[in-house]
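Student: Before I ask anything, let me first share the structure, which is written out below as structure tokens.
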Amino acid sequence: MKRHIGWVAGTAAAALVAAGAITYAVAEDGGSGAAAPGAESADAGFARDMAVHHQQAVEMSYIVRDRTDDEEVRRLAYDIAQTQANQRGMLLGWLDLWGLPKVSAEPPMTWMGMGDMPAGKDGALMPGMATNTELKKLGTLSGKRAEVFYLQLMTAHHQGGVHMAEGCVARCAVGVEKRLAQGMVEAQQSEIALMADMLKKRGAAPRS
């Protein structure tokens, strides 16, 4: 388990080191050599929606770091927060590079053909997102109960994130963004498996 956590930490560090290079690569991939993506493109939609999705993961992770002394959970939460905050910065930076707005009048997930899904309730705007009520509850728990609830919420969050990232891999046109999305799929699937093991060790399971 410690080896797996260490791998996740290494992945987070590598992502931080690569951030600048990826941003410049996007400028070349979707800027000077070709027309920038349009405001309603999958590239722009993914960047906007995943930035919002990631922000909640960062918030949840910092909440649980204050609610438990368990080093395994705290380390995972820190890695998720750092990785997703970094990726969020890149996604918003690309929208700036492309001269596109960071918000859209269209419903979330429109770029995936899911704009007609029921409006998100209580803050859960996209698949896998926790509700405001669940976030508030997380902030009231401590110890093992906080660990289990966080791991359950983050498992669902990652599942939704994987679905979105796979959508970008299939629909986005900017090569570097597609590659980042594929990296998200692989990293989050690995963390889903890790969190399943962590839940099992705590006598719990992912929520169905």
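Student: Could you order 202, 88, 75 by accessible surface area, starting with the largest, using a probe radius of 1.4 Å? Please report the intermediate quantities before stating the final value.
Tutor: Numbers: 202 25, 88 75, 75 95 Å².
The most accessible residue leads, giving 75, 88, 202.
Student: Next question, about the same structure. Between residue 193 and residue 137, what's the calculated FRET efficiency when r is the beta-carbon distance and R0 is 22 Å? Round to 0.05.
Tutor: Approximately 0.30, to the nearest 0.05.
Student: Which order do you get for 197, 116 if you rank them by accessible area with a 1.4 Å probe, largest at the top? Let's see the in-between values first.
Tutor: On the way: 197 85, 116 135 Å².
Heavy-atom accessible area, descending, gives 116, 197.
Student: Using a 1.4 Å probe and counting only protein heavy atoms, arrange 52, 176 so the residue with the most accessible area comes first.
Tutor: Listed by decreasing accessible area, they come as 52, 176.
Student: Then there's this: Classify region 86-208 as rounded, prolate or oblate from the Cα gyration tensor: take a ≥ b ≥ c as the square roots of its eigenvalues, call it rounded if a/c is under 1.5, otherwise prolate when a/b beats b/c and oblate if not.
Tutor: prolate
Student: Would you mind getting me the FRET efficiency between residue 71 and residue 145? Use the beta-carbon distance for r and R0 = 22 Å, nearest 0.05.
Tutor: Numbers: r = 17 Å, r/R0 = 0.79.
For residue 71 and residue 145, the calculated efficiency is 0.80.
Student: Quote the relative contact order of region 76-208 in percent (integer), defining contacts as alpha-carbon pairs under 8 Å separated by 6+ residues. Please list the in-between numbers first.
Tutor: Working: 96 pairs, mean separation 24.2, N = 133.
It rounds to 18 percent for region 76-208.
Student: Rounded to the nearest percent, how much of the accessible area of region 45-145 (1.4 Å probe, protein heavy atoms only) is carbon and sulfur?
Tutor: Working: 2460 of 4740 Å².
Exposed carbon and sulfur together represent 52 percent of the surface.
Student: In what sequence, highest mean first, do 126-133, 95-102 appear when ranked by Cβ atoms within 10 angstrom?
Tutor: Highest to lowest by the protection proxy: 126-133, 95-102.
The values are calculated or read from the model by the stated rules, or taken from the named source; none is laboratory data. Model, not experiment: these values are computed from the prediction. Ideal geometry is used to build each Cβ from the backbone, glycine not excepted, and the neighbour counts take in all protein chains shown. When the accessible area is computed, the model is the full protein with side chains, heavy atoms only, and any ligands, DNA or RNA have been set aside. Shrake-Rupley method; radii C 1.70, N 1.55, O 1.52, S 1.80 Å.
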